[in-house]
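Read the structure below first, then the notes.
The values are calculated or read from the model by the stated rules, or taken from the named source; none is laboratory data. Because the structure is predicted, anything quoted here is derived from the model rather than measured. Glycine also receives a Cβ, built like all others from the backbone with ideal geometry; neighbour counts cover every protein chain displayed.
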Amino acid sequence: MTLPIHRIPALLCLVLALATVAVFVTDILPFAKIDAIGKVLLAPDETDFDQILFHYSTLPRLIMGFLCGAGLALAGAAIQTVLRNPLAAPTTLGVGAGVEFALTVFLLLAPAAAAPFQEAVALTGGMLALGTVYLIAARRTNATLWLILAGMIVNLLLQSGTQIFLLFNEQYLQSVFMWGAGDLAQNGWESTIFVLPRVIIGMIAIFALSRPLDLLALGDDTASSLGAKVTLLRIVILGFAVFITASIISAVGMIGFVGLAIPAALRIAGLTRSRDLMIYSLFAGGFALLCIDFIVRQMNGIGGDILPTGAATALFGAPFIILILRKARIMPGQQSDDHHQDQQIISKNTLSLALFATLLAGIILSLFVSLNQNGLAFLNGADGFGDIITQRAERTFAAIICGAALAVSGTLIQRVGRNPLASPEITGVSSATALAMIIALVFFGFGQRAELMMIGAAGGIVSLMVLLLLCRKFSHAPHYLLLNGLALTAILGALVRIALTRGGTQTSMLISWLAGTTYFTSMTEVMVVAGVTAVLLTVAIIARRPLELASFGADQATSLGLGINGFQFMIMLLAAILAASATLLVGPLSFVGLMAPHLARIAGYRLAGGHLLGAVLIGANVMMVAEWLARNLLYPQQLPTGLIAALIGTGYFLLLAIKRR
Amino acid sequence: MFDLKNVSFQSDGKNPKTLLGDITVSFPTGEFSAIVGHNGSGKSTLLKLLARKNKPASGQITLDATVLGDHSTRDFARKVAYLPQNPITPTHLSVRELIAFGRYPWRGAFGRYRAEDHEKIDQAMMLTHVTGFADRFVASLSGGERQRVWLAMLLAQDAPVLLLDEPTSALDVGHQRDILQLIASLKSEIGLTVIAVLHDIDMVGRFADHILALRGGQTCWQGTAGDFMQTKTLRDIFQTEIGVIRLPDSPHSVSYIA
């Protein structure tokens, strides 16, 4: 096999290889001094602790690092080629989260006799997640973006699903989290021997299919006219990529960003043919993860704390991916998703009234009707009537207010960013809010909710500022907003994992909040957020004319006398404040900010003022339903509202996808 | 009206390219000026400089004896209306709603539209023949119809200066003539100053009063329509074998490719 030499990728591989050699030499050097290299590699002296440590921990860890990096990068390269999407990867498309979820459920629920099926379960989980993502995104005009968007939603959904599941089985919390964070630490050769053959089988299979892979890169039509069975090929190749990913995650847990960053970087460095890309990815990925793991090991040595490698790769990888993909300009330009070709202009008053009536009826139902073991139960005047009503009212109103706040925030971001895919969740504002709160809580010990809320709001606003600065040159290119959200969400995920491995009394409260529970809110908080939302909504509605003008683009808006930069800044600030305050109540996961404006637009709310009101009504309704379901679905267990809302959202997008067929 | 003194413009980036060099020109008030030249000669760049979308690298542009940058955004919008080559079309607006935004510089974010504003909007729609589809979505219109809608918005803006970047590129011959005729008549009726980038030599010769020709970012010729429609001038500007025929019963000439 002769390789065409590509200078930059080859150089990159070479540097990484040299670094790997350096790592290896550093690790083995102590034994060279006592002339025990051969011994320590093959048969360690059982009386020497250092030799045992090296042979049974360091060496397998090195090999494992290489294997995982190589496998994930290869899987990433294959997935990227098959789906023709530079942002696709096992972790971004939900495969990792699917495998993790399936394994967690399996480990905690399945009887011991089912153990042989563990791998099949993991594989199925990964494939199902990937299938869902693919189904949501397929046949859209800008499928590239939708794929990533859907991946992000499914990812978050499954992750918080996993976390909630763990919450109900708290005794396993610590160890499963450690595993979930991608811990490469080894105490023997067992896992290495488990992973090695599986990864190699997957690799051989993918390389054997490298010619059809090249064909797929040409596009479906060309490929099928050249005689390839496109769908079958795609499924087979994706299957092997998921297989590799599932094996690795079963052994060491989630390791993010290697599968995305390595092939993406190599592609930008000039590799185009899929076989070259995969070969280089394999080596570059392996060497890179091995080196990152080395750095992580050194940090553990100093601090004594355990930083899992997987979490570290996310921390390293997220900023890196932003930098790299900025240069790439591979994403499609601005495209509107839905065309209202010659639609009638109809008044939406009836619909608005209906939505409002639903909301009122819903509130009453939600307060007085609940579900218990015997079916529907109506609240009667008997025992503890007042207490129950107050409690329910707190949570119902919290959900409704959050729905409204997120809907306004999403509408503003979508309009000013002229981007139908933008939303507080997608652009990372919600994640940043959560991030700031977690850092404050876990690492600096702030405990007061009021304090945390201020810190969270500041975090959200700062992230939006940074985003706006970055976007200045790109005038809010849609992929850019998404990338930012992707990176921030990944960092959030990593930090949450690190924070959770540190344990602490507030861990379970944190998990519930992240998954979107309204359980901890108090009426005062709800009132504050409601006030903020009402004021900012009024401001936004008053400013509906310039808001409409913003959809003309910066140039035209300025020509008509609107100071667009200042205006955009103001509106984004409003959006950030709203998103942050909603996040404080129900956590970063709900996707109402994406869903509600989207639904309102499809329902025909065209102009800015109507769009805002329509989105608010829809958002409030969705959250109200989600809250009732969350409270009653698994009674007496309480599910998080955000999780249910996100499920509704995913269901909605799936439905939309199916209707398109 | 617009006076440019030694204006030059460079592209952004690591290796800035000089797109316009040392341009000195004065666009006369109340006249129809056309900017012509081959592709990439800097016509649109120059128009963007006038519309404040680009900032000059050196030199000075003044409008009404005030440096261009010193006008406030709203003030400038009341004085100068600009139509870019490919304006972003807000797909969710109806034609009338779009044209109504021409009144934004006058009413701002919160001001109520008065009877006077609606009159201006109606009149603009009538002049550009778009009254018939006032309630259709802009997205459902053809390229030529959209161009007329944009022009209507500019007229509703009621600014004394119109900057048009190829305003007739998507129009059929009939509408091209109508629109240019309309612009020319508005010019004489209400003293509008028009500066337009135009491609069609014959339309330029027919309607423009003052012509500025660019080549490679430099001024290569300027003068009146009569002097423009000469074989030598045209060959010099476009570097192509062009001939001109005088029409027997009219003061105008037409060009042909030799």
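Annotations
- Subset of the stretch A:369-418 [at pLDDT below 80 and under 16 Å from residue A:576 (Cα atoms)]: A:417
- Scan of the stretch B:66-113 for residues that are part of a loop (DSSP other than H, G, I, E, B), more than 7 Å from chain A (Cβ to nearest Cβ) and touching a residue at least 24 places away in the same chain (Cβ under 8 Å), ordered by number: B:85, B:89, B:93, B:108
- Residue selected from the stretch A:606-661 under the condition charged (D, E, K, R) and touching a residue at least 12 places away in the same chain (Cβ under 8 Å), by the criterion surrounded by the fewest Cβ atoms within 10 Å (Cβ to Cβ): A:661
Conditions tested, residue by residue: (1) assigned by TED's automatic domain parsing to the domain that holds residue A:147; (2) at pLDDT 85 or above; (3) among the β-branched types (Val, Ile, Thr); (4) buried (at least 20 other Cβ atoms within 10 Å of the Cβ).
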{"site": "A:17", "(1), (2), (3), (4)": "no, yes, no, no"}
{"site": "A:49", "(1), (2), (3), (4)": "yes, no, no, no"}
{"site": "A:57", "(1), (2), (3), (4)": "yes, no, no, no"}
{"site": "A:61", "(1), (2), (3), (4)": "yes, yes, no, yes"}
{"site": "A:67", "(1), (2), (3), (4)": "yes, yes, no, yes"}
{"site": "A:71", "(1), (2), (3), (4)": "yes, yes, no, yes"}
{"site": "A:111", "(1), (2), (3), (4)": "yes, no, no, no"}
{"site": "A:124", "(1), (2), (3), (4)": "yes, yes, yes, no"}
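- Filter result (surrounded by fewer than 18 Cβ atoms within 10 Å (Cβ to Cβ) and more than 18 Å from residue A:135 (Cβ to Cβ)) within the stretch A:220-235: A:221, A:222, A:224, A:225, A:226, A:227, A:229
- Taking residues in the stretch B:115-130 that are of a type outside the set (Val, Ile, Thr), and partners anywhere that are not in a helix (DSSP H, G or I), the pairs with Cβ atoms closer than 8 Å and at least 6 places apart or on different chains are B:120/B:158; B:125/B:134.
- Of residues in the stretch A:261-307 being among the acidic types (Asp, Glu) and modelled with pLDDT of 80 or more, the one nearest to the chain's Cα centre (by Cα): A:293
- Meets criteria (of a type in the set (S, T, N, Q) and modelled with pLDDT of 75 or more) for residue A:141: no
- When B:129, B:92 are checked against the criterion of being on the phi > 0 side of the Ramachandran plot and of a type outside the set (Asp, Glu), a single residue qualifies: B:129.
- Where residue A:32 falls short, out of the listed (1) over 30 Å from residue A:157 (Cα atoms); (2) in a helix (DSSP H, G or I); (3) in the same structural domain as residue A:240 (by TED's automatic domain parsing); (4) not acidic (Asp, Glu): (3)
- Taking the criterion of being hydrophobic (A, V, I, L, M, F, W, C) and within 7 Å of chain B (Cβ to nearest Cβ), the residues of the stretch A:539-561 that qualify are A:542, A:543, A:549, A:552, A:560.
- The number of residues in the stretch A:389-405 being of a type in the set (S, T, N, Q) and touching a Ser or Thr at 6+ places or on another chain (Cβ under 8 Å) comes to 1.
- Residue tally, condition surrounded by 15 or more Cβ atoms within 10 Å (Cβ to Cβ) and either part of a loop (DSSP other than H, G, I, E, B) or of a type in the set (Ser, Thr, Tyr) (or both), over the stretch B:39-65: 11
- Matching residues, the stretch B:219-258, being in a loop (DSSP other than H, G, I, E, B) and crowded, with 17+ Cβ neighbours inside 10 Å: B:229
- For residue A:88, the criteria (1) part of a helix (DSSP H, G or I); (2) touching a residue at least 24 places away in the same chain (Cβ under 8 Å) hold in every case but one, which is (1).
- Residue in the stretch A:563-577 that is farthest from the chain's Cα centre (by Cα), counting only those that are modelled with pLDDT under 85 and within 11 Å of chain B (Cβ to nearest Cβ): A:563
- The stretch A:493-547, subset charged (D, E, K, R) and more than 26 Å from the chain's Cα centre (by Cα), residue modelled with the lowest pLDDT: A:525
- Assessment of the stretch A:621-634 against the conditions (among the charged types (D, E, K, R) and within 21 Å of residue A:158 (Cα to Cα)) yields at least one matching residue.
- Matching entry among A:393, A:399 (being crowded, with 24+ Cβ neighbours inside 10 Å and part of a helix (DSSP H, G or I)): A:399
- Residue A:557 vs. criteria closer than 21 Å to residue B:102 by Cα and assigned to a helix (DSSP H, G or I): yes
- Selected residue [away from chain A (no Cβ under 14 Å), more than 23 Å from residue B:191 (Cα to Cα), in contact (Cβ under 8 Å) with a residue 40 or more places away in the chain and buried (at least 16 other Cβ atoms within 10 Å of the Cβ)] from B:32, B:9: B:9
- Among the residues of the stretch B:155-189, those that are of a type in the set (Val, Ile, Thr) and within 16 Å of residue B:130 (Cα to Cα) comprise B:168, B:179, B:183.
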